[in-house]
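Comments concern the structure below.
The values are calculated or read from the model by the stated rules, or taken from the named source; none is laboratory data. Because the structure is a prediction, the values reported are computed rather than measured. Heads up, the Cβs are rebuilt from the backbone with ideal geometry, glycines too, and the neighbour counts pull from every protein chain shown. Please note that ligands, DNA and RNA were not included when accessible areas were found on the heavy atoms of the full protein model with its side chains. Shrake-Rupley method; radii C 1.70, N 1.55, O 1.52, S 1.80 Å.
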Amino acid sequence: MAGETTTTAENGFIQYHEPNIIQILVLISFFFWLSFGEWLSNKVFRAGLIGQIVVGLIYGLPIAGIILPVPWQEAFIALGYIGLVLIIFEGALAVRLDLLKANFGLSMIAACIGVIAPFGFTYLLLYVGFGHGAIETFIVGAALSVTSLGTTFVVLGKSSKEINFSDTRVGTVLVSAAVFDDVSGLVMASVIGQLGALGGEDSPNLGWLIGRPTLVSGLLAIITPVLNKWVIAPLYRKHVEPRLPVTRKRHVVNVMIMIFVLCAFLAITGFGGTSVLYGSFMAGAFLTYLPTKHPTGPFHPPSREEAEEAEAQSIAETTPLGEPRICPTFMHTFEKYFLDAVKYLLQPLFFASIGFAIPFTDLWTAEAFWKGFVYTILMLISKVIVGLVIPFATIMRRPAGMSIRECFTSTFWPAMLLGSAMVARGEIGLLVVQIGLNNTPYLSKEAFITAIWAIVLNTIFGPVSVGLIIKYKAHAIADGLWGLEKNDAASVDGLSRANTVIETQSVREREKSVAGTHTRTTSDPVTLNEHV
């Protein structure tokens, strides 16, 4: 083997060998069981990701150890992480920016609770109760303070086929809080990764170590919307958008723009020392605001099938100037060209890679089990209480005639949805705690196993709870105070997607009846979208 490797390196290429039948059958069975595991666990638990994690456990090192070679698992982890980046990017494309702005303060309060409460409970149990060290407790608390943003988007996207919970007030608060928790957790991860070097000759500056990713994240959150609203978006709408094709060729342009913007934000956040997942979210939010919102411009389609049908009809029935009724948006382009690859390949690999990283055989001792279970319950409570911000915010701004008791009863299920969706720690928690184990001398194997128990069980309990809540209470939440906003002044652009398409087509029919003119009156309801 050594001689063969040397010859290959000298020749400058890899010799092509046909995969043997065992390798082919292993790969086929791996992807089959990923699909079947998702279907089965979705039927049983309303959370398909559980089955994919279990398949990762079985095929990876944790249980079998020999089914998938380690280089294959490493390659699947890299592909799965690309899937995570695209999952967050897609979720950001669907975020309601008007609701994000209107509920920003509440989202920050929820995020702070979601970080502070896990730290408080962790120090109470591990530091005071179990006698672990202060730095060791900080590492575990940092790992359990995060929220799995990718899991959040997947669960919300798959739990209900009728309602898009990204368009709800509670969904917007959830996404914003989860982003903040992830950023803070990954900032702490970068600090933890350097703890082992502190005190040595090449010891990094602790202030700069903490301040750099925090500064980059804060500046990106401030500068991006300011530049987009006042500089980039106006220039794009005035000079670039009118020159872009309005037929199916627009998809090609959209793909190029999406790749450029996504890579730019990933590079900024990656080299800036903060999370590339944060960069992925900011890239999607940036593109959401970029296009003009008018009847002949982009729209967010209710589904890919309906969008393609509307697009085909718009091309067949053009206006007198030859302009199609509807141009594809970035979201439409993503759904048409990237969604299948993410849904059926990259997303399963991402959740399987979580299974690869779980030290399964080390979990099953009596002491590890009871300590992990107790800590799991505390970490479950520490995120569920985030949902309390919803009833208290409702009380502060309750409608006339609504009692405090009615505020609590009417917001119970939105609050449970928010709290339950914040529970999953997933890949970010595993990353932080493994950095603490491998890069520092502070984290013991005992504390590591306790943290793993809490991360794994919360990643299971959270999605299952969300799936059950949405299954039985989806319409009650969507029609309530924290559901789909249709009459609020802050959500004029927040009509349902289907209504937007219908309204767009009706406006265009009225315009076609007036030959030679495209002037709309100020009473046209769609013109309000241009100012959102």
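Among residues that are more than 15 Å from Asp181 (Cβ to Cβ) and without any contact (Cβ under 8 Å) to a residue 12 or more places away in the chain, Met402 is included.
Within the bounds of segment 290-310, is there any residue that is of a type in the set (Gly, Ala, Ser), assigned to a helix (DSSP H, G or I) and modelled with pLDDT under 85? Scanning segment 290-310, I find at least one residue that is of a type in the set (Gly, Ala, Ser), assigned to a helix (DSSP H, G or I) and modelled with pLDDT under 85, so the answer is yes. With respect to (1) open to solvent by less than 40 Å² (accessible area, probe 1.4 Å); (2) of a type in the set (Ser, Thr, Tyr); (3) modelled with pLDDT of 85 or more, the lone exception for Thr500 is condition (3). Is it the case that segment 312-328 has a residue that's small (Gly, Ala, Ser), surrounded by fewer than 22 Cβ atoms within 10 Å (Cβ to Cβ) and at pLDDT below 60? Within segment 312-328, one or more residues are small (Gly, Ala, Ser), surrounded by fewer than 22 Cβ atoms within 10 Å (Cβ to Cβ) and at pLDDT below 60.
So how many residues does segment 101-118 have that are among the small types (Gly, Ala, Ser) and more than 19 Å from the chain's Cα centre (by Cα)?
3
In this structure, Trp482 does satisfy being modelled with pLDDT of 90 or more and farther than 30 Å from Ala352 by Cβ. Every listed requirement among (1) within 29 Å of Ile257 (Cβ to Cβ); (2) hydrophobic (A, V, I, L, M, F, W, C); (3) surrounded by fewer than 17 Cβ atoms within 10 Å (Cβ to Cβ) is met by Phe350 save one, (3).
Do any residues in segment 418-433 that are in contact (Cβ under 8 Å) with a residue 24 or more places away in the chain have Cβ atoms under 9 Å from those of residues that are part of a loop (DSSP other than H, G, I, E, B) and surrounded by fewer than 24 Cβ atoms within 10 Å (Cβ to Cβ), where the two are at least six apart or on different chains, and which pairs are they? From segment 418-433, the pairs are Glu427/Ala357; Leu430/Ala357; Leu430/Ile358; Leu431/Ala357.
Per-residue answers, yes or no, for (1) of a type in the set (D, E, K, R); (2) over 22 Å from Val423 (Cα atoms); (3) open to solvent by 40 Å² or more (accessible area, probe 1.4 Å):
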residue: Ser41; (1), (2), (3): no, no, no
residue: Ala47; (1), (2), (3): no, no, no
residue: Gly51; (1), (2), (3): no, no, no
residue: Ile67; (1), (2), (3): no, yes, yes
residue: Ile77; (1), (2), (3): no, yes, yes
residue: Tyr81; (1), (2), (3): no, no, yes
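Taking the listed residues Arg425, Arg397, the one that is buried (at least 19 other Cβ atoms within 10 Å of the Cβ), under 21 Å from Met108 (Cβ atoms) and among the basic types (Lys, Arg) is Arg425, with no other qualifying. For segment 101-116, does any single residue satisfy the condition of being open to solvent by 20 Å² or more (accessible area, probe 1.4 Å) and farther than 24 Å from Val384 by Cβ? Yes, there is a match, as at least one residue in segment 101-116 is open to solvent by 20 Å² or more (accessible area, probe 1.4 Å) and farther than 24 Å from Val384 by Cβ. Just one of the listed residues (Gly150, Gly129) is within 15 Å of the chain's Cα centre (by Cα) and either touching a residue at least 24 places away in the same chain (Cβ under 8 Å) or open to solvent by 10 Å² or more (accessible area, probe 1.4 Å) (or both), and it is Gly150. Out of the residues in segment 436-446 that are surrounded by fewer than 24 Cβ atoms within 10 Å (Cβ to Cβ) and either among the basic types (Lys, Arg) or touching a residue at least 12 places away in the same chain (Cβ under 8 Å) (or both), which is farthest from Leu124 (Cα to Cα)? Restricting to residues being surrounded by fewer than 24 Cβ atoms within 10 Å (Cβ to Cβ) and either among the basic types (Lys, Arg) or touching a residue at least 12 places away in the same chain (Cβ under 8 Å) (or both), the top hit is Asn439.
Scanning segment 217-259 for residues that are of a type in the set (Ser, Thr, Tyr) and crowded, with 16+ Cβ neighbours inside 10 Å returns Ser217, Thr224, Tyr236.
Restricting attention to segment 475-484, the residues being in a helix (DSSP H, G or I) and either crowded, with 20+ Cβ neighbours inside 10 Å or in contact with a His (Cβ under 9 Å, 6 or more places away or on another chain) (or both) number 2.
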